[in-house]
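The values are calculated or read from the model by the stated rules, or taken from the named source; none is laboratory data. All values derive from a computational prediction rather than experimental measurement. So basically every Cβ, Gly included, is an ideal-geometry build from the backbone, and we count neighbours across all protein chains shown. Calculation scope for accessible area: heavy atoms of the full protein, side chains included, ligands and nucleic acids excluded. Shrake-Rupley method; radii C 1.70, N 1.55, O 1.52, S 1.80 Å.
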Amino acid sequence: RLYDADMPEYNLAVDCYGEWIQVQEYAAPALVDAGKAEQRLQLALSVLREVMGVPHSRVFIKTRKRQKGSGQYQKKTGSSGQLLEVREGEGRFLVNFTDYLDTGLFLDHRPIRSRIQELAKGATFLNLYGYTGAATVFAALGGATSSITVDASGVYLARANANLALNGFGGPLQQLVEADCMEWLRHNQERFGLIFVDPPTFSNTKGSKDSFDVQRDHLGLLRLAMQRLSRNGLLIFSTNFRKFVLDSAISSEFAVEDISAATIPPDFSRNQRIHQCWELRHRSQQAD
């Protein structure tokens, strides 16, 4: 992230993905003159292209309005569906700058993905709410013996499959499961040495009246996920809900460490609530 509304008059977030730049304009309040807001945007874009030395064709512009539910993941009308390849560490990923507000690669999670790569060697890996599979790719790069990526969206899993293939992984050792994560956990009996849980703040399940709310439901989710964690395994739980409070029962049942500060990269350090992250282990490990 190059810039994040550092000056109130220029209410933009500017993200660099290799040779491409994504600009997210935060929608101006109704009391701000629309003409002046547009002038500031055009000035900011002009300066950005000059400073970064990039042509118009490599700058993608989106307007970010307050979204409810899964609005930020909804496809935009008239979009192209073009996927472009970017690099992060040893990994290669396909991102979409035109169809959705989110590209499919969350930049603030870079240190978490790096940690997963460091921890994955020789482990079986479970990625819950796997989205486009970036964490799974890093686990595979780190030497995970196998992985299961679970998400309710076939669209996301198709991108996860493409990302794995782009990095030379695939086959029966890299399973992609289209399912509701809570339901899948209730029926699965496997054990995993490394689990990553990064649920949405809120979601509705297709064809069901059930909904998921991370504040309301995280205790049940983590209890189920910890049942699938091997005796000496590690679970990493992350959330982007800025008002999130971890249920105290979690700390009483499991060994919990808040690693949020260590997982926020310098380019997001202005906002220490961009995400929160914990590591969970079985208490039996502490007695070993």
Checklist entry - Given A158, A144, which one is at negative phi and either assigned to a helix (DSSP H, G or I) or not aliphatic (A, V, I, L, M) (or both)? => result A158
Checklist outcome for this item: The condition from (1) among the aromatic types (F, W, Y); (2) in a loop (DSSP other than H, G, I, E, B); (3) closer than 29 Å to Y26 by Cβ that F93 misses is numbered (2)
Next on the checklist: If I filter segment 16-56 down to residues being among the charged types (D, E, K, R) and within 29 Å of the chain's Cα centre (by Cα), which single residue comes out as nearest to F93 (Cα to Cα)?
Outcome noted: E19
Checklist entry - So which pairs qualify, if the first residue must be in segment 104-117 and over 17 Å from N163 (Cα atoms), the second must be polar (S, T, N, Q) and open to solvent by less than 10 Å² (accessible area, probe 1.4 Å), the Cβ gap must be under 8 Å, and the two must be at least 6 apart or on different chains? => result P111/T263; I112/S238; I112/T263; R115/T263
Checklist outcome for this item: The number of residues in segment 68-105 that are at pLDDT below 95, open to solvent by 80 Å² or more (accessible area, probe 1.4 Å) and touching a helix residue (DSSP H, G or I) at 6+ places or on another chain (Cβ under 9 Å) is 1
Checklist entry - Looking at T132, T103, which one is in a loop (DSSP other than H, G, I, E, B), among the β-branched types (V, I, T) and within 25 Å of L221 (Cβ to Cβ)? => result T132
Checklist entry - Among the listed residues E38, E25, which satisfies the condition of being at pLDDT 90 or above, in a helix (DSSP H, G or I) and under 21 Å from V51 (Cα atoms)? => result E38
Checklist entry - Looking at F241, F196, which is the one that is open to solvent by 20 Å² or more (accessible area, probe 1.4 Å) and either in contact with a helix residue (DSSP H, G or I) (Cβ under 6 Å, 6 or more places away or on another chain) or not in a strand (DSSP E or B) (or both)? => result F241
Item to check | Close pairs (8 angstrom Cβ cut-off, 6 or more residues apart or separate chains): open to solvent by 40 Å² or more (accessible area, probe 1.4 Å) in segment 204-228, at pLDDT 85 or above and assigned to a helix (DSSP H, G or I) anywhere | outcome: R223/E253; Q227/L185
Checklist entry - Across segment 111-147, which residue is farthest from L194 (Cα to Cα) among those that are open to solvent by less than 10 Å² (accessible area, probe 1.4 Å) and polar (S, T, N, Q)? => result T132
Next on the checklist: Looking at R231, R186, can you tell me which residue is open to solvent by 30 Å² or more (accessible area, probe 1.4 Å), touching a Leu at 6+ places or on another chain (Cβ under 7 Å), not hydrophobic (A, V, I, L, M, F, W, C) and not in a loop (DSSP other than H, G, I, E, B)?
Outcome noted: R186
Checklist entry - Any idea which residue in segment 148-160 is nearest to M182 (Cα to Cα), counting only those that are of a type outside the set (V, I, T) and surrounded by fewer than 18 Cβ atoms within 10 Å (Cβ to Cβ)? => result G154
Next on the checklist: All but one of (1) open to solvent by 60 Å² or more (accessible area, probe 1.4 Å); (2) of a type outside the set (S, T, Y); (3) more than 27 Å from G154 (Cβ to Cβ); (4) modelled with pLDDT of 95 or more hold for R273; state the number of the condition that does not hold.
Outcome noted: (4)
Checklist entry - For residues in segment 251-269 being touching a residue at least 40 places away in the same chain (Cβ under 8 Å) and within 18 Å of D4 (Cβ to Cβ), which is most open to solvent (accessible area, probe 1.4 Å)? => result D267
